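Engineer: Questions regarding the structure given below will be posed in turn.
The values are calculated or read from the model by the stated rules, or taken from the named source; none is laboratory data. All values derive from a computational prediction rather than experimental measurement. Counting neighbours? That spans all protein chains shown, and the Cβs are built from the backbone with ideal geometry, glycine included.
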């Protein structure tokens, strides 16, 4: 299947993006330190510290998302509930940042953010949980159409409904 290469590609992209985000925030902190200017009365040292902290937190978040996807790719097992929630927040973060960077940086940055968002969403869709009856055709209360029981409405012998 193509699920594992998609998850592996997405994991590598997110891990590389995590390193890039930390480096970008390091450059921003160096520029802030070199100028030693305050913005609306803020202490320059507080702005430098805040830039480093934000870079570290956002880099760790992206690295965590990449590690989850790497685990999914290596094991070939769909992500669990909390991992899926983490990956959905990662896709939403890229969508919102894409909308912001289009005005600040340009269309190239927007395209990159949308590619990463698309990879995360593609991985989530590729590892989507399969519901009974979707792959096997239409279901009836007694089981699959034209088949014997086993569907959601089937009851086992000797088991009382709760």
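Here is a yes/no grid of residues against (1) modelled with pLDDT under 50; (2) over 10 Å from the mean Cα position of the chain (by Cα); (3) assigned to a helix (DSSP H, G or I):
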| position | (1), (2), (3) |
| --- | --- |
| 82 | no, yes, yes |
| 86 | no, no, yes |
| 93 | no, no, yes |
| 96 | no, yes, yes |
| 103 | no, yes, yes |
| 125 | no, yes, yes |
| 160 | no, yes, no |
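Engineer: Which residues, taken from region 105-120, are in contact with a helix residue (DSSP H, G or I) (Cβ under 7 Å, 6 or more places away or on another chain) and either buried (at least 19 other Cβ atoms within 10 Å of the Cβ) or not in a helix (DSSP H, G or I) (or both)?
Structural biologist: Those that are in contact with a helix residue (DSSP H, G or I) (Cβ under 7 Å, 6 or more places away or on another chain) and either buried (at least 19 other Cβ atoms within 10 Å of the Cβ) or not in a helix (DSSP H, G or I) (or both): 113, 116, 117, 119, 120.
Engineer: In this structure, does residue 46 turn out to be modelled with pLDDT under 95, within 24 Å of residue 25 (Cα to Cα) and loosely packed, with under 15 Cβ neighbours inside 10 Å?
Structural biologist: Numbers: modelled with pLDDT under 95: yes; within 24 Å of residue 25 (Cα to Cα): yes; loosely packed, with under 15 Cβ neighbours inside 10 Å: yes.
Answer is yes for this residue.
Engineer: Residue by residue through region 75-92, note down the ones that are in contact (Cβ under 8 Å) with a residue 24 or more places away in the chain and on the phi < 0 side of the Ramachandran plot. Full working, then the answer.
Structural biologist: Kept after step one, since they are in contact (Cβ under 8 Å) with a residue 24 or more places away in the chain, are these residues of region 75-92: 76, 78-79, 84, 87-88, 90-91.
Result: 78, 79, 84, 87, 88, 90, 91.
Engineer: Sticking with this one: Those residues that are assigned to a helix (DSSP H, G or I) and either in contact with a helix residue (DSSP H, G or I) (Cβ under 6 Å, 6 or more places away or on another chain) or in contact (Cβ under 8 Å) with a residue 12 or more places away in the chain (or both), I need them from region 24-43; list them, please. Even if it seems obvious, please write down each step before you answer.
Structural biologist: Pass one, region 24-43, residues assigned to a helix (DSSP H, G or I): 24-35.
Selection gives 24, 25, 26, 28, 29, 32, 33.
Engineer: Now for a separate question. Can residue 75 be described as modelled with pLDDT under 95 and more than 17 Å from the chain's Cα centre (by Cα)? Before the answer, list the steps.
Structural biologist: Details: modelled with pLDDT under 95: yes; more than 17 Å from the chain's Cα centre (by Cα): yes.
For residue 75, the condition - modelled with pLDDT under 95 and more than 17 Å from the chain's Cα centre (by Cα) - is met.
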